[in-house]
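Novice: Starting off with a structure, shown below.
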Amino acid sequence: MNFEFATAQRIIFGPGKLAELPNLIQGMGKKAALVTGTNAERIGPIFKTLRECGVEPAAFSIKKEPTVERITLFSATARELGCDFVVALGGGSIIDAGKAMAALLTNTNDLMDYLEVIGKGEPLTEDPAPCIAIPTTAGTGAEVTKNAVLKCEDNQVKVSMRHPKMLPTVALVDPELTLSMPPEVTASTGLDAFVQLLEAFISKKSNPLTDGICREGLKRVSRSLYHAYLHPEDLNARTDVAFASLCGGLALANAGLGVIHGFAGPIGGMFSAPHGMVCATLLPASAELNYSAMISRDPENPAIAKFDEAAQIILKDENGTIEEVFDRLKGLCAQMFVPGLSEFGIKESDFPAIVAKARNASSMKGNPIPLTDEELLSILNTSLNPPVDGNQTLYM
C-alpha cells in the first residue's frame, strides 16, 4: 500500500467538451504553439478559436511521428516566436510532441540531455510551459502521461523524455473528436488501450488505485471497442473507448507497462510500423506466454490472479477463464485485420536485435516476470504472421 499517483492538473471529459477551450486558455499567455497533424479541416476551428480569444497561434505540424530532430527544431522556433503555452490536438504522437515542446520551451539544454536510454536522462530543472492536450484518437492515453515518446532515427529506436512535471496542465477529452476515425485507426488505437490496461493491471508496479482504474477501463473497452469498429457513428461506444483510453493513460503513468510495450519501442524505431498496431500484433502471443511463464516458474505470482480476474471482466462471466480470452483475442485480431510482424518488413534475422533493444526498454521493467531470450524470441516468432482464427470475437 505504498505508492504515488500523479496525473494532469485538470481532466475534462465528455462529448462536446471542446467548447470549453476558450475558458481553459485564459491567463496562459498571448501566443500559443499549436501542435497538430495535417488535417486542415480539424485544425481550422481551433486556430480560429485561439484568435477569437486574443491568442496568436503558431502552427507546428507533425506529419508522421515526432523525431528528436524535429522536436529540437520546433522547440527552438517556438522559443524564438515567444510562445507562452502549447495546445496539442491530435493522436498520441501529436500530444507527445506537444508535451516535449512545452518542456523544452523552458528547459533549454540539448534534448539528448533529457532522453532515456540513449541520452543522459537528466531531470527538468524548470516547470514546463502550460500544455493543453486534446486527443482525437482513443488509445494512447498520452493526455495524462508524464513522458513523450520520440523517435531517434540515428539510433533506430523510440525513447522517452520523462518527468513528473511533463503531465499536461489540462487533459481535454471530447469523444466527439473520435467519430471520424477510420476503422483501421479505431482498431490500432483501441487495441493499444486494451494492451495498456492489461499490462498496467498485471504490472509488478501496480497498486490498488491503478487496479481500480484498470478494472473500469477493461470493462468499457471490452464491451464497446468492436462495436465502435463496426459502427463508428455510435457516440456511446466511442465515449466508452475514449474513457478506457483515459484509464489506460492514468494507469500506465503510475503502474508502468510490460513486454508488449517493451518490444513496441524498438520495433517502432527500426521499422515503419504504427505503434498501436504493433502492440495489437504482439498482444495474443505476449499475454499467453506471460501467463504460462508465471504458471511454470512462479506459481505464487500475484499477477496470475490478476489475469484470471481480467478474464472475468473481459468475458462478463464470473466463470470465464484466461484461456478463453487468449482464444478470443486471436479471433478479434483476425476480424479487425491486425497484421503480422512480417507485414512491417520484419524478418526472423531481425529478432536478436529487437530482443537486445527491448531488454533496455523502460516498459520491460513492469513485466510481472522476467522473460528469457528464448521466450522473447518465441513471442516474435508467433507474431510474425497474422492470426488465422477469425471464428470468435471478444467484443460483441
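The values are calculated or read from the model by the stated rules, or taken from the named source; none is laboratory data. Quick caveat: nothing in here was measured; it's all calculated off a predicted structure. Cβ: placed from backbone, ideal geometry, glycine included. Neighbour counts: every protein chain shown.
Novice: Among the residues in the stretch 195-203, are any in a loop (DSSP other than H, G, I, E, B) and either modelled with pLDDT of 95 or more or polar (S, T, N, Q) (or both)? I'd like the intermediate steps shown before the answer.
Specialist: Taking the stretch 195-203 first, the residues in a loop (DSSP other than H, G, I, E, B) are 203.
Next, only the ones that are either modelled with pLDDT of 95 or more or polar (S, T, N, Q) (or both) stay: 203.
For the stretch 195-203, residues in a loop (DSSP other than H, G, I, E, B) and either modelled with pLDDT of 95 or more or polar (S, T, N, Q) (or both): present.
Novice: Another question, then. Regarding the stretch 17-24, can at least one residue be identified that is closer than 19 Å to L172 by Cα and loosely packed, with under 12 Cβ neighbours inside 10 Å? Before you say what the answer is, go through the steps one by one.
Specialist: Our first condition is that a residue be closer than 19 Å to L172 by Cα; within the stretch 17-24, this holds for 17-24.
If we keep only those that are loosely packed, with under 12 Cβ neighbours inside 10 Å too, we end up with 19, 23.
Checking the stretch 17-24: at least one residue is closer than 19 Å to L172 by Cα and loosely packed, with under 12 Cβ neighbours inside 10 Å.
Novice: While we're looking at this one, here's another question. Which of (1) of a type in the set (G, A, S); (2) in contact with a Gly (Cβ under 6 Å, 6 or more places away or on another chain); (3) outside the structural domain of V87 (by TED's automatic domain parsing) does S224 not meet, given it meets every other one?
Specialist: (2)
Novice: Could I ask something else about it? List every residue pair whose Cβ atoms sit under 7 Å apart, with the two residues 6 or more apart in sequence or on different chains, where the first one lies in the stretch 111-126 and is under 18 Å from R359 (Cβ atoms) and the second, anywhere, is surrounded by 15 or more Cβ atoms within 10 Å (Cβ to Cβ) and among the hydroxyl-bearing types (S, T, Y).
Specialist: Between residues of the stretch 111-126 that are under 18 Å from R359 (Cβ atoms) and residues that are surrounded by 15 or more Cβ atoms within 10 Å (Cβ to Cβ) and among the hydroxyl-bearing types (S, T, Y), the close pairs are E116/S160; E116/S362.
Novice: Condition first: part of a helix (DSSP H, G or I) and either touching a residue at least 12 places away in the same chain (Cβ under 8 Å) or assigned by TED's automatic domain parsing to the domain that holds L250 (or both). Now tell me which residues in the stretch 10-26 satisfy that. Write out each step before concluding.
Specialist: Restricting attention to the stretch 10-26, the residues satisfying the condition of being part of a helix (DSSP H, G or I) are 17-24.
Listed by number, the residues that qualify are K17, L18, E20, L21, P22, L24.
Novice: Could you say which residue among L283, L315 is within 18 Å of the chain's Cα centre (by Cα) and not assigned by TED's automatic domain parsing to the domain that holds M161? Show your work before the answer.
Specialist: Numbers: L315 fails: within 18 Å of the chain's Cα centre (by Cα).
Just a single option satisfies the conditions, and that option is L283.
Novice: Any idea which residue in the stretch 334-370 is surrounded by the most Cβ atoms within 10 Å (Cβ to Cβ), counting only those that are among the charged types (D, E, K, R) and closer than 20 Å to S160 by Cβ?
Specialist: Residues of the stretch 334-370 among the charged types (D, E, K, R): 343, 347-348, 350, 357, 359, 365.
Then drop every residue that is not closer than 20 Å to S160 by Cβ, which leaves 357, 359, 365.
Numbers: K357: 21, R359: 14, K365: 13.
Per the criteria, the residue is K357.
Novice: So which of E65, E69 is crowded, with 20+ Cβ neighbours inside 10 Å and either under 30 Å from P182 (Cβ atoms) or without any contact (Cβ under 8 Å) to a residue 60 or more places away in the chain (or both)?
Specialist: Values: E69 fails: crowded, with 20+ Cβ neighbours inside 10 Å.
Of the residues listed, the single one that is crowded, with 20+ Cβ neighbours inside 10 Å and either under 30 Å from P182 (Cβ atoms) or without any contact (Cβ under 8 Å) to a residue 60 or more places away in the chain (or both) is E65.
Novice: So which of E199, E153 is outside the structural domain of G269 (by TED's automatic domain parsing) and either farther than 26 Å from A310 by Cα or touching a residue at least 40 places away in the same chain (Cβ under 8 Å) (or both)? Lay out the reasoning, then the answer.
Specialist: On the way: E199 fails: outside the structural domain of G269 (by TED's automatic domain parsing).
Of the residues listed, the single one that is outside the structural domain of G269 (by TED's automatic domain parsing) and either farther than 26 Å from A310 by Cα or touching a residue at least 40 places away in the same chain (Cβ under 8 Å) (or both) is E153.
Novice: Only one of A251, A242 is at pLDDT 95 or above, surrounded by 24 or more Cβ atoms within 10 Å (Cβ to Cβ), in a helix (DSSP H, G or I) and touching a Cys at 6+ places or on another chain (Cβ under 6 Å); which?
Specialist: Numbers: A242 fails: touching a Cys at 6+ places or on another chain (Cβ under 6 Å).
After applying the criteria, what remains is A251.
Novice: Does the stretch 111-129 hold any residues that are more than 21 Å from the chain's Cα centre (by Cα), part of a loop (DSSP other than H, G, I, E, B) and hydrophobic (A, V, I, L, M, F, W, C), and which are they?
Specialist: Of everything in the stretch 111-129, those that are more than 21 Å from the chain's Cα centre (by Cα), part of a loop (DSSP other than H, G, I, E, B) and hydrophobic (A, V, I, L, M, F, W, C) turn out to be L124, A129.
Novice: Looking only at the stretch 41-58, decide whether some residue is within 25 Å of K146 (Cβ to Cβ) and in a loop (DSSP other than H, G, I, E, B).
Specialist: no
Novice: Go through the stretch 130-154 and report how many residues are in a loop (DSSP other than H, G, I, E, B), out of contact with any Leu (no Cβ under 7 Å at 6 or more places or on another chain) and buried (at least 21 other Cβ atoms within 10 Å of the Cβ).
Specialist: Residues of the stretch 130-154 in a loop (DSSP other than H, G, I, E, B): 130, 136-141, 145-146, 153-154.
In the following step, the residues that additionally are out of contact with any Leu (no Cβ under 7 Å at 6 or more places or on another chain) were identified as 130, 137-140, 153-154.
From what's left, buried (at least 21 other Cβ atoms within 10 Å of the Cβ): 130, 137-140.
So the answer is 5.
Novice: Restricting the search to the stretch 307-353, which residues are of a type in the set (D, E, K, R) and touching a Leu at 6+ places or on another chain (Cβ under 9 Å)? Outline the logic, then answer.
Specialist: At the first step, the residues of the stretch 307-353 found to be of a type in the set (D, E, K, R) are 308-309, 316-318, 323-324, 327-328, 330, 343, 347-348, 350.
Selection gives E324, R328, K347, E348, D350.
Novice: Collect the residues in the stretch 167-198 that are among the aliphatic types (A, V, I, L, M), within 30 Å of D110 (Cβ to Cβ) and surrounded by 23 or more Cβ atoms within 10 Å (Cβ to Cβ), keeping them in residue-number order. So that I can check it myself, show each step before the final result.
Specialist: Going residue by residue through the stretch 167-198, those that are among the aliphatic types (A, V, I, L, M) are 167, 170-173, 177, 179, 181, 185, 187, 191, 193, 195, 197-198.
Remaining after also requiring within 30 Å of D110 (Cβ to Cβ): 167, 170-171.
The answer is A171, and nothing else.
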